[in-house]
Amino acid sequence: MTSPDGASTPVPATDGDAGSRALPPSQDAVQPDPAASYAAAAAAPVADAREVAVLSAQLGRPARGRPAVVHRCVYGLPTVARVQPRLDDGTPFPTVFWLTCPVLRSRVGRLEADHAMVGLNQRLEAEPDLAAAYAAGSERYVAFRDQLGEPLPGDPSAGGMPKYIKCLHVHAAHHLATGDNPVGAWTVEHATPAPCPGPCVPDELLRAGGEVAGTPPAEDPASE
């Protein structure tokens, strides 16, 4: 696999034998990258067939939009994917950054279930500096998306930007990919550390030439 700058990034390997050693659990599997930026996200190469298979296994459906991996977990597996602003059939796809890590998706889902967006929307109304930073990040997000392809009809943003918050998963992905979303920064801070029992894709995908052989666990391993 490759890193956002195009360099080779090793994927954790298993030996395929019945007695192969499992990779150890991590108590902090998803960490922000201090080097995250729009430039790094733009430079990430389109995923090869194996990476697409990994992304599809994480999502539980075929990965679309010519994805590129722009952030990885401690196991070297995708955490966030960049997708094109239009699908192959031309359908507009406003959301550029997708959170693919099953554990972090679950933990962010818990924040949403606890009505975190209500309080965050109230903060946008009460805190001008936060609202301004959020709106500015939205402008840069749309400009970045337009660089990937022609502008979309109506030039929409994503996740409720620039005035509202509708999906914390979108904002977490935006922050991990670029470091440019204050709501995403809050989300990642409150969703981590993210304990993980180990790689979230089938063992076959941790070996060269592997094919998708199943789907990843859907539940947060830290749940009771």
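Overview of results
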{"read-out": "Order of ARG145, ARG105, ARG66 under a 10 Å beta carbon neighbour criterion, fewest first", "value": "ARG66, ARG105, ARG145"}
{"read-out": "Calculated FRET value between TYR164 and ARG61, using beta carbons and R₀ = 22 Å, to 0.05", "value": "0.25"}
{"read-out": "In nm, spacing of pseudo-spin labels at ALA126 and ASP203 (7 Å Cα→C-beta vector)", "value": "5.2"}
{"read-out": "Proxy reagent accessibility, fewest Cβ within 10 Å first, across PHE144, PHE93", "value": "PHE93, PHE144"}
{"read-out": "GLU189 paired with SER37, simple spin-label distance in nm, labels 7 Å along Cα-to-beta-carbon", "value": "2.3"}
{"read-out": "Taking ARG123, ARG64, ARG82 and counting other C-beta atoms within 10 Å, the order from fewest to most", "value": "ARG123, ARG64, ARG82"}
{"read-out": "Extended-chain gain in nm, criterion 0.36 nm per residue less alpha-carbon gap, GLU112 and GLU139", "value": "7.3 nm"}
{"read-out": "Cα gyration tensor shape for the stretch 28-86, rounded if a/c is under 1.5, else prolate or oblate", "value": "oblate"}
{"read-out": "Global form of the stretch 38-204, assessed from the alpha-carbon gyration tensor, a/c cut-off 1.5", "value": "oblate"}
{"read-out": "Protection-proxy order for peptides 69-75, 39-45, each taking the mean of Cβ atoms within 10 Å per residue, highest first", "value": "69-75, 39-45"}
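Bear in mind these aren't lab numbers, they're just calculated from the coordinates by the rules spelled out. Not measured: the values here are computed from a predicted model. As a convention, Cβ positions derive from the backbone with ideal geometry for all residues, glycine included, and neighbour counts pool all protein chains shown.
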